[in-house]
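Readers should treat all values here as calculations from the given coordinates under stated rules, not as data from a laboratory. Just so you know, these numbers come straight off a predicted model, no measurement behind them. All Cβ positions, even for glycine, are placed from backbone atoms using ideal geometry, and neighbour counts span all protein chains on display.
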Amino acid sequence: MNQAQNPTTVTNTPATYPCPRCGTPTVWQNNANKPFCSARCKLIDLGAWASEDYKIAAQDAPFSDELMGDDHI
Ligand SMILES: [Zn+2]
């Protein structure tokens with residue numbers, strides 16, 4: 001019966017939310033790095049994206065092909 005689930009309707013707390021990167025309570029208003037708490041978290045998130053791209057690219061590397069070919073059935 002409690003409808004205080006939506007953060008925007010909570011009145012006794014300021015408009016804060018946990019940083020998606022580190023969980024630090026972050027203010028939405030006047031935040032140049034939103035949705036992150038800081039430029040650092042923003043950059044880390046971008047870096048995570050970049051490394052994901054590298055992982056995907058690495059799957060085409062000969063190394064994984066060698067693993068598959070070693071197990072010839
Ligand atoms: Zn953060």
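At-a-glance table
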| read-out | value |
| --- | --- |
| Restricting segment 16-38 to residues that are aromatic (Phe, Trp, Tyr) and farther than 15 Å from Ala48 by Cβ, the residue that is farthest from the ligand (Cβ to nearest atom) | Trp28 |
| First in segment 39-54 and over 17 Å from Pro18 (Cβ atoms), second anywhere and surrounded by fewer than 11 Cβ atoms within 10 Å (Cβ to Cβ) and small (Gly, Ala, Ser), Cβ under 8 Å, 6 or more apart | Ala39/Ala32 |
